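So the structure is just underneath, and the comments pick up after that.
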Amino acid sequence: MKILAALLAGLVLLLALGAGLTWIVSRSIKARYPPRGRFVEVGGGRLHVIEAGPRHGPPLGTIVLLHGASGSAAEPFLALGEKLSGRYRVLAVDRPGHGWSDRIAGDAAAPPVRQAALIAEGSRALGVSRAVIVAHSLAGSIAPNLALDHGDVTGGLALLAPVTHPWPGAGVSWYYGPATSALGWLFTRTLTTPLGLALMGPAVAGVFAPQAPPPGYIDAAQVPLVLRPRTFQANAADVSGLYAAVSAQAGRYRDIRVPTVVISGGAEPIVWTDLHSRALEREILGAKLIVPPGVGHMPHHVAPDVIAGEIEALAARIGRAQESRAATP
């Protein structure tokens with residue numbers, strides 16, 4: 001009994017220390033990475049959007065950037081925002097529950113189809129029409145729903161290492177399970193923040209493999225925002241439900257009728273190019289697939305000029321189609 005009591009006391013002390021450290025680190029993260037953009041009201045809450053565009057003259061089109069798991073709007077904006085905002089209106093969106101966006105309706109906001117609806121609502125409020133949707137990794141499961149269900153805001157798709165199909169085993173990383181369990185509230189408010197802080201460097205290196213992350217990436221992409229307890233739980237719910245979501249929606253991809261380019265690395269270790277991207281190329285009529293050799297899961301950072309060029313080509317194609325429709329009597 002004494003041993004059991006000592007173990008329980010040690011566990012309580014560990015959890016108390018973890019809770020205190022989580023509170024301190026979370027406050028520090030919030031202060032270090034405040035909102036950089038504007039907030040847009042949608043049903044049930046607000047989305048945070050980083051916006052940039054030409055300083056002189058009207059934009060040539062609109063680009064909407066959607067981040068993957070464990071990220072925020074700052075991540076794709078870091079890679080592509082400056083390259084594109086000289087000529088286009090660029091909107092980088094914090095997905096629901098990530099960055100500074102509200103987790104609208106709790107875990108009901110996790111399914112890609114629901115996130116697409118919220119992002120479309122926010123986009124309409126910002127006057128977005130026929131935009132190029134650029135989606136990385138997990139957001140690759142959201143973008144097809146924008147094309148299928150929200151054609152007014154979606155003119156084309158640029159999908160970067162997208163998750164689109166069910167994968168063998170249906171597994172996800174071990175730490176998502178506890179975060180979505182009955183003890184998820186306790187787990188995320190005592191252990192995930194200090195553990196995540198310790199493991200962040202190796203985790204980012206693994207995401208970029210076989211390349212190395214750019215210098216200062218963790219800070220510039222505001223990666224620590226995901227370590228806040230509520231954000232970590234939202235991220236875990238998104239990832240844990242992803243297999244079921246793509247299993248349910250994969251049969252709809254053949255109905256997509258917007259110009260689409262898919263860019264996935266030839267050395268992709270996380271979201272397998274052959275399983276996801278090559279299948280999507282076959283299913284979407286006229287889709288273009290680009291596989292940069294030797295590139296891993298972060299093509300927008302490793303080959304940003306290639307990707308920016310493809311996005312610009314999509315925007316030009318959408319612009320020509322709009323001009324043609326306007327000229328038709």
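What to note about this one:
- FRET efficiency for the ALA267 to PHE39 pair, using the beta carbon distance and R₀ = 30 Å, is estimated at 0.20.
- A crude spin-label estimate for the pair GLU82 and ILE24, with each label 7 Å from Cα along the Cβ direction, gives 3.4 nm.
- Set of aspartates and glutamates with alpha-carbon distance to LYS83 below 13 Å, sequence-local pairs under 8 removed: ASP305, GLU310, GLU312
- The stretch 1-160 - charge dipole about Cα centre, Lys and Arg +1 at Cβ, Asp and Glu -1, debye rounded to 20: 420
- Approximate spin-label separation LEU197-ALA316, in nm, with each point projected 7 Å along Cα-to-Cβ: 4.9
- A simple count of charges around PRO58, restricted to other residues whose Cβ falls under 12 Å of its Cβ and scoring Lys, Arg +1 and Asp, Glu -1, yields +3.
- Neighbours of GLY266, meaning other residues whose beta-carbon lies under 14 angstrom from its beta-carbon, give a summed charge of -1 when Lys and Arg score +1 and Asp and Glu score -1.
- 19 Å reach of a label modelled at ALA105, 7 Å along Cα-to-Cβ, counting backbone N of the stretch 35-74: 40-48
- Counted residue by residue at 0.36 nm each, then reduced by the alpha carbon distance between them, the extension gain from LEU285 to ALA220 reaches 19.7 nm.
- By the combined test of axial Cα extent (at least 30 Å) and Kyte-Doolittle hydropathy (mean at least 1.0), the qualifying DSSP H helices of the chain come to 2-32.
- Among beta bridges from DSSP that stay inside the chain, the antiparallel ones total about 30%.
- Peptides 93-104, 108-119 ordered by average Cβ neighbours within 10 Å, highest first: 93-104, 108-119
- Debye intensity ratio in log₁₀ form over the Cα atoms of the stretch 174-329, taken at each q of 0.13 Å⁻¹: -0.83
- Protection-proxy order for peptides 190-196, 296-302, 140-146, each taking the mean of Cβ atoms within 10 Å per residue, highest first: 140-146, 296-302, 190-196
Bear in mind that the values in this text are calculations on the coordinates, not laboratory data. Just so you know, these numbers come straight off a predicted model, no measurement behind them. Using ideal geometry, Cβ is built from the backbone for each residue, glycine included, and neighbour counts are taken over all protein chains shown.
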